[in-house]
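Structure, as structure tokens:
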Amino acid sequence: MYQPDLSPVADSLALSSLVAALPLLTLFLLLGGLRLKAHWAGLAALAVSVAVAVLAYGMPLRYALLSGTEGAAFGLMPIMWIVLAALWVYRLTVVSGWFEDLRRAFGLVSDDPRVQALIIAFCFGALLEALAGFGAPVAITGVMLIAVGFSPVRAAVTVLVANTAPVAFGAIGTPIITAGSLTRIPYEEIGAYVGRQTPLLALFVPLLLVALVDGVRGIRQTWPVALVCGAVFALAQFVSANYVSVELTDIIASLLALAAVVAFLRVWKPRESARVRDALRTAAERERGEGAEAPGRQDAANAPLGARRVGMAFLPYLVVIAVFSVAKLWTPVKEALAASDVEVPWPWLDGQILTATGEPSGTTLYVLPWLSSPGSLLLLCGVVVALCYRTGFGTAVRAFRDMVVQLRWAMLTVASVLALAYVMNLSGQTITIGTWIAGTGAAFAFLSPILGWLGTAVTGSDTSANALFATLQQTAAGRAGLDPSLLVAANTSGGVVGKMISPQNLTIAATAVGLVGREAVLFRKAVAWSVLLLLAVCVLVYLQAHVLAWMLP
């Protein structure tokens, strides 16, 4: 059996952490600095992680390679399965001719792209995050922003930044429930703490979104609706997380924020909408002229948009909401789907890996959610949509095949990045970095969110970040005399701002908007916002630990 040594390099935790960070440094340097394509950067970082695992940590080569294969399998199923199915649903709207009606239907609510960013990327994206999670919100809202005229880069960056505040309570509260199950802290308590952190992000993210669309002028001209959107979402998230339901928090917050925006637009309209639309159109033409691939589009007849046409345009997303609501909120269906999961002890690896504490690692048990996966539910949604749109069987199959071809490099990227994450986790590299950061005493309150940010940036999942670091946060809090619930919550809140720079999420966003192979462009545009929001979370948690204790439950 293999058990990781947390200080394998010169018996020094600091030096070992520096060596353990080499795969991540390789990944981000190649992606952001040298602008290498994401799949090559991921494969190079994977090779470095295997070398560190074998040469520095003494992990047998066969275990390092097997860890990578399990991670790659997880990257393909369920993660890329979700993305593939989500984009197939979108492709059905294109091949059936309803795509242009979707664009026109959004214009009925508001023809201002800044407001459309709030409605689509923030509100609807939060609802998708609540129901499906993983990459579905980025994939679906990315193509929806393209539908209303956004340029590919701006659409991708907008949905990446928007997919922050809702992440902590995503997939019916899975990240928080996972943290609670690992630490034995009631997840309702962790959720209450998170509900006093992420709402502050939610308050300002809509302002950031309108700035991404139209700069400082966009903030000056649309701050009232952005503030209404953020304030209602933040208040609803706080109230639901603390007094209603952790699981339903994002559903309640997203729907109330959407209703508030629509109601506010009845009494207030933004200025210079035409100017912003023209600027986005020019940017889109310029980007596509530089080689970006525009998603397919068919023009519908210029007939008036009656209730039926609007309903048919939004049909795919109404079906998604209906199917996921039943699957996630109706307990008998939820339990039946979960019971269909197949547990697969990873061959020649399960039972051979111990954690740093000497316990058998549960990571080597691969769970195949063939029916309960959001990807499978999205596939069902696609079948329903194809039937309602009367899309021929051959046309629907060709659309699915085309998506597989389009996503081939994205699949390689996500598989390599998840393989990297599994090698780092099982060999002990990730926990070495975390343990070193956790040894900073009282200052750990400030550094605590960085662990969640790091875990989510590597794995693309706040749930995985909590699986990695929740118990470490709890232990470090006890040693430093800090509130364990606060730091476990900080791990979750830090993770939400790391998702936008995860290579997995970057690849999903790039593929959705037709920027395959240009993940480095998105990384460079998103990383500054990720670090800035992380700093804000770090300061907030530090103040909550030492000054603003009255904010806590």
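The values are calculated or read from the model by the stated rules, or taken from the named source; none is laboratory data. Note that the structure is a prediction, hence the values are computed from the model and not measured. Using ideal geometry, Cβ is built from the backbone for each residue, glycine included, and neighbour counts are taken over all protein chains shown.
Key figures for this structure:
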item	result
Number of positions in the range 119-156 that are over 24 Å from PRO374 (Cα atoms) and part of a helix (DSSP H, G or I)	3
Any pair with Cβ under 6 angstrom, 6 or more apart, that starts in the range 252-270 at a residue that is farther than 15 Å from PHE124 by Cβ and touching a residue at least 60 places away in the same chain (Cβ under 8 Å) and ends at one that is assigned to a helix (DSSP H, G or I) and not β-branched (Val, Ile, Thr)	PRO270/GLN221
Which numbered condition THR507 misses (of (1) under 15 Å from the mean Cα position of the chain (by Cα); (2) over 30 Å from ALA147 (Cβ atoms))	(2)
Any chance TYR366 is in contact (Cβ under 8 Å) with a residue 24 or more places away in the chain, among the aromatic types (Phe, Trp, Tyr), surrounded by 15 or more Cβ atoms within 10 Å (Cβ to Cβ) and out of contact with any helix residue (DSSP H, G or I) (no Cβ under 7 Å at 6 or more places or on another chain)	no
Residue match in the range 65-86 (condition: over 30 Å from CYS381 (Cβ atoms) and among the hydrophobic types (A, V, I, L, M, F, W, C))	yes
Candidate set: the range 364-405, residues that are closer than 30 Å to ASN425 by Cβ and polar (S, T, N, Q); chosen: the one nearest to the chain's Cα centre (by Cα)	SER373
Whichever residue in the range 345-355 is surrounded by 14 or more Cβ atoms within 10 Å (Cβ to Cβ) and within 28 Å of the chain's Cα centre (by Cα) and, among such residues, is modelled with the lowest pLDDT	THR355
So GLY382, is it modelled with pLDDT of 90 or more, crowded, with 21+ Cβ neighbours inside 10 Å and closer than 19 Å to ILE508 by Cα	yes
ARG398 vs. criteria at pLDDT 90 or above, more than 25 Å from VAL52 (Cα to Cα), basic (Lys, Arg) and surrounded by fewer than 24 Cβ atoms within 10 Å (Cβ to Cβ)	yes
The lone exception for ASN425 - which of (1) surrounded by 23 or more Cβ atoms within 10 Å (Cβ to Cβ); (2) over 29 Å from LEU533 (Cα atoms) it fails	(2)
Qualifying positions in the range 371-389 - part of a loop (DSSP other than H, G, I, E, B) and in contact (Cβ under 8 Å) with a residue 40 or more places away in the chain	SER372, SER373, TYR389
Leading residue by the ranking (modelled with the highest pLDDT) among those in the range 329-344 that are under 23 Å from the mean Cα position of the chain (by Cα) and more than 21 Å from TYR366 (Cβ to Cβ)	LYS334
Test result for VAL19, touching a helix residue (DSSP H, G or I) at 6+ places or on another chain (Cβ under 9 Å) and either over 19 Å from ALA457 (Cα atoms) or aromatic (Phe, Trp, Tyr) (or both)	no
